[in-house]
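First comes the structure, then the notes that go with it.
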Amino acid sequence: MKAQGGESSPVTDTSNLTNPHADEGFLFDRADASVVPFPEADSRSTLEEADHLPPIVAIGGLFTIKRYYFLYAKLLGRDPDAALSGRERFVTPLNHGVGPIEDLSAAVNNDLSEVADKLGEPIYVVGHSLGGLLGSTAIMDNPEIFAGATFLGGAQEGIKEHTVATWGLRQLAGNPAEAELLNYDSDFMHDHLKRVEEEWPEDIPLDLVATSLDFVVKPPQGFGLSPKNQEPTKRLVVPSSRLLKPVTRYLMRNMPPDVKPLYSPTVVDHINIVRSRAVLAHIDRRRRAIARRNSQTIQTLATAN
């Protein structure tokens with residue numbers, strides 16, 4: 001497959017990977033693997049040893065309950081050989097009822113720990129919308145159970161504009177005072193962002209993805225996490241159509257300079273970002289890079305011994 005501009009994809013042989021068709025049908029930026037570099041020697045043996053990807057565990061967004069699994073089925077169905085089914089790897093905040101964000105966070109942390117324990121290996125967490133905030137907190141509270149993270153349309157830096165998300169957060173928190181904690185200028189969010197900056201685990205790659213058609217958490221919201229010890233991968237989903245190139249340039253001009261485009265042939269909004277083929281393939285590339293890094297580390301240690 002060819003990437004944008006005619007360059008070859010970093011993955012030169014996908015015949016034996018868990019999801020061999022993940023990268024078909026759209027353009028992408030080959031810099032997707034920048035945080036977790038691929039090994040220099042892209043040999044067949046390295047690919048074979050890295051074909052087990054860290055299993056995905058998804059944290060749903062605002063008002064997500066178990067019956068909304070169908071929205072996340074494509075994402076969680078990418079690990080058919082995992083020790084738990086996709087439904088068992090689907091964490092939903094509202095299953096614990098409405099309440100203060102601290103209580104929801106503690107409940108989700110416990111759910112993630114139980115899932116990771118049953119899987120018996122570090123997990124790749126994908127947090128959607130409010131799930132991005134809850135996932136980022138969980139990683140800092142319990143880093144040993146995580147292999148990496150992607151946050152989609154994330155509210156992990158707080159709400160900057162009054163949208164349907166603001167109304168929803170009031171309902172979720174149970175009262176307006178609790179909802180105000182999730183405004184970007186609240187003391188709660190200030191402390192959270194500062195904690196991410198100072199405490200984010202160095203060996204857990206952070207990946208942030210938003211879509212240009214998100215009218216709930218409007219970008220560049222969601223791109224504000226800045227750990228001191230790594231540069232997160234940041235992608236804005238934009239149209240891949242050549243006819244819409246002027247629109248893409250306009251959208252990118254309003255983004256921070258470290259945000260790169262992620263091209264999609266279909267319309268992607270705040271809800272279906274968890275089902276987008278382009279986004280799902282991007283997540284697979286991130287997981288594959290982690291698997292290769294781990295494989296290379298094991299090989300290095302074995303050689304040293």
Matching residues in segment 87-99 - criterion: being modelled with pLDDT of 75 or more and loosely packed, with under 14 Cβ neighbours inside 10 Å: R87
For segment 261-305, how many residues meet the condition of being of a type outside the set (K, R) and at pLDDT below 90? 12
For segment 249-260, what are the residues that are surrounded by 14 or more Cβ atoms within 10 Å (Cβ to Cβ) and either at pLDDT 90 or above or in contact with a Lys or Arg (Cβ under 6 Å, 6 or more places away or on another chain) (or both)? M252, M255, V259, K260
Using beta carbons and a limit of 8 Å, which pairs, at least six apart or on different chains, have the first residue in segment 214-226 and within 14 Å of Y184 (Cα to Cα) and touching a residue at least 12 places away in the same chain (Cβ under 8 Å) and the second one of a type in the set (S, T, N, Q) and outside any loop (DSSP other than H, G, I, E, B)? P219/T211; L225/S136
Which residue out of L225, L244 is part of a helix (DSSP H, G or I) and either surrounded by 22 or more Cβ atoms within 10 Å (Cβ to Cβ) or modelled with pLDDT under 95 (or both)? L244
Checking L84 against (1) assigned to a loop (DSSP other than H, G, I, E, B); (2) modelled with pLDDT of 95 or more; (3) in contact with a Pro (Cβ under 6 Å, 6 or more places away or on another chain), which single condition isn't satisfied? (3)
At pLDDT 95 or above, over 18 Å from V126 (Cα atoms) and either aromatic (F, W, Y) or surrounded by fewer than 19 Cβ atoms within 10 Å (Cβ to Cβ) (or both), is that true of E198? yes
Leading residue by the ranking (modelled with the highest pLDDT) among those in segment 54-79 that are in a loop (DSSP other than H, G, I, E, B), touching a Gly at 6+ places or on another chain (Cβ under 9 Å) and surrounded by fewer than 18 Cβ atoms within 10 Å (Cβ to Cβ): G77
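Being farther than 11 Å from G158 by Cβ, modelled with pLDDT under 90 and crowded, with 21+ Cβ neighbours inside 10 Å is the requirement here; does D207 meet it? Walk me through how you get there before you give the answer.
Working: farther than 11 Å from G158 by Cβ: yes; modelled with pLDDT under 90: no; crowded, with 21+ Cβ neighbours inside 10 Å: yes.
Criteria not met by D207.
The values are calculated or read from the model by the stated rules, or taken from the named source; none is laboratory data. Remember, it's a predicted structure, so these values are computed and weren't measured experimentally. We place every Cβ from the backbone using ideal geometry, glycine too, and count neighbours over all the protein chains shown.
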